[in-house]
Amino acid sequence: MKIKEIISSGLLELYATGLASEQEKQQVKLWAAQYPEVANELTQIENSLEAYSKSYAIQPDSAVKEKLFLKIKETAIAPVISINSTADNGYVPKKSTSISYWKITAAALLLLLIGSVVLNISLFNTNNNNSSLLASTNQQLQSIADKNKEMEQDMLVVQSKYSMPVFLNGLEAAPDAAAKIFWMKNTGEVFIDATNLPITPKGKNYQLWAFVDGKPVDAGIITSKTGDTYRIQKMKTFGKVEAFAVSLEEVKDIPNTSPQGPVLVMGKM
Amino acid sequence: MLGEEIKYSEEELVSRLLQKDQQAFSYLYDNYAGALNAVIYRIVEEKELAEDILQEAFIKIWNNFTSYDKSKGRLFTWMVNITKNLSIDTVRSKGYKKQKKILGDENFVINLQDSNIGAERFDTIGLNKQVNNLKPEYKIIINMAYSSGFTQDEISKQLDLPLGTVKTRMRAAILELRKHIQNT
């Protein structure tokens, strides 16, 4: 068949409209591959049909496109890349868009992970800070509770119906000094409130003396008067006592058996 | 519409679609969805069903794009064939004999003549008048063949034409169409 005959046969039109039989299709393909004029004619026919169809277009609802792209994005996770066919067509395939989706997803996940780690560290630190804050608060509370307990005990001493206060007044060496003794009539226990004794100089401490049968007997070292801390301190017990005195003594491993330093305060029962 | 400024040549479009370029696919859809939808509508005559098939057809086009062979013809021809086959399969699987019913309908030819639904929405192309000026006998044969998926045999029976005349009538119709388009 000559080219003109092919073109005027009407077979190209049947091919373009999809009406050609299988045999006719093969024939048209061969001609189109063999003769550029035939291929060109076929393209013209197809273009005119494309324009014709477009002139009768019925635009679908816009939701169709949205749904379509949702489905496409779903399937983009598992792309079908046919290397053969792309090679056949002479195209160099770029990296699949879905791969960049993976990259984006991976990057996003990494960012989330980093964010999570940072958050965790920050929360961990905050938690640590809170824990130590709580611990120190608890410590404070405990020390207040302890103090409170001590105060209560002190109050018990003062308030006890058996406690007998003895006022020790300042002597020549320290006229302004004073101390208070609480002696328990029922048990003979001795407590001292050393609030009004002067602060001890370094290397010295106070020693309490109880006068029994006219002689001073060691009643214990006053430890409650170091710095300006204060509480009522329990001393040695005496069943029978005439007077109390406090002297300022050198700090020693073994306390004196009689006052060596100046006696600051004294009071009789 | 976003991306409407972009114009791809057919070769570029094909290349991009092979690379699964979604922007190119969006362009493809914007350019051809209406025309393909009209093809489907003429076969199924139900708006919602047509749109379901349209969506399915585009998914097929997207997923099987590597099977498009440009040496066998234009992209649009390939897409119309996919769409037409899908529509016909759907109609058959649905079990409704719409095609046969239409064939038995004496108003069938008139239906086809009037089937320029949506044409007014494509005024920008400036083609409607030219296409509308096409002789009715030409319009009918193109509509039947190109849009409705009849066989040569069915067309010859329906239009009461000898089988051999179908292709000469078709050639005449398309030649006239081409003339109209060139005059645009």
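Here are the numbers for the structure shown:
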{"read-out": "Residues that are closer than 30 Å to B:His180 by Cβ and either more than 7 Å from chain B (Cβ to nearest Cβ) or touching a Phe, Trp or Tyr at 6+ places or on another chain (Cβ under 8 Å) (or both), drawn from segment A:55-74", "value": "A:Ser55, A:Tyr56, A:Ala57, A:Ile58"}
{"read-out": "The lone exception for B:Met79 - which of (1) within 29 Å of B:Met144 (Cβ to Cβ); (2) modelled with pLDDT under 90; (3) more than 9 Å from chain A (Cβ to nearest Cβ) it fails", "value": "(2)"}
{"read-out": "Members of segment A:89-102 that are more than 8 Å from every other protein chain (Cβ to nearest Cβ) and either at pLDDT below 55 or not in a helix (DSSP H, G or I) (or both)", "value": "A:Gly90, A:Val92, A:Lys95"}
{"read-out": "Single residue of segment A:202-239 satisfying the filter (under 19 Å from A:Met269 (Cα atoms) and acidic (Asp, Glu)) that is modelled with the lowest pLDDT", "value": "A:Asp213"}
{"read-out": "Matching entry among B:Val44, B:Val39 (being at pLDDT below 90, touching a helix residue (DSSP H, G or I) at 6+ places or on another chain (Cβ under 7 Å) and facing chain A (nearest Cβ under 9 Å))", "value": "B:Val39"}
{"read-out": "Any hit, segment A:51-60, residues being under 60 Å from the mean Cα position of the chain (by Cα) and of a type outside the set (Val, Ile, Thr)", "value": "yes"}
{"read-out": "Residues of segment A:13-41 classified as assigned to a helix (DSSP H, G or I) and within 8 Å of another protein chain (Cβ to nearest Cβ), total", "value": "7"}
{"read-out": "Criterion (in the same structural domain as A:Phe244 (by TED's automatic domain parsing) and within 16 Å of A:Met235 (Cβ to Cβ)) met by exactly one of A:Lys204, A:Lys180", "value": "A:Lys180"}
{"read-out": "Meets criteria (more than 60 Å from the chain's Cα centre (by Cα), of a type in the set (S, T, N, Q) and at the interface with another protein chain (Cβ under 7 Å from one of its Cβ atoms)) for A:Gln44", "value": "yes"}
{"read-out": "Matching residues in segment B:49-72 - criterion: being out of contact with any helix residue (DSSP H, G or I) (no Cβ under 6 Å at 6 or more places or on another chain) and of a type in the set (Gly, Ala, Ser)", "value": "B:Ser67, B:Ser71"}
{"read-out": "Residue match in segment A:246-262 (condition: in a loop (DSSP other than H, G, I, E, B), among the β-branched types (Val, Ile, Thr), touching a residue at least 24 places away in the same chain (Cβ under 8 Å) and touching a strand residue (DSSP E or B) at 6+ places or on another chain (Cβ under 7 Å))", "value": "yes"}
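The values are calculated or read from the model by the stated rules, or taken from the named source; none is laboratory data. Since the model is a prediction, treat every value here as computed from it, not as a measurement. Cβ: placed from backbone, ideal geometry, glycine included. Neighbour counts: every protein chain shown.
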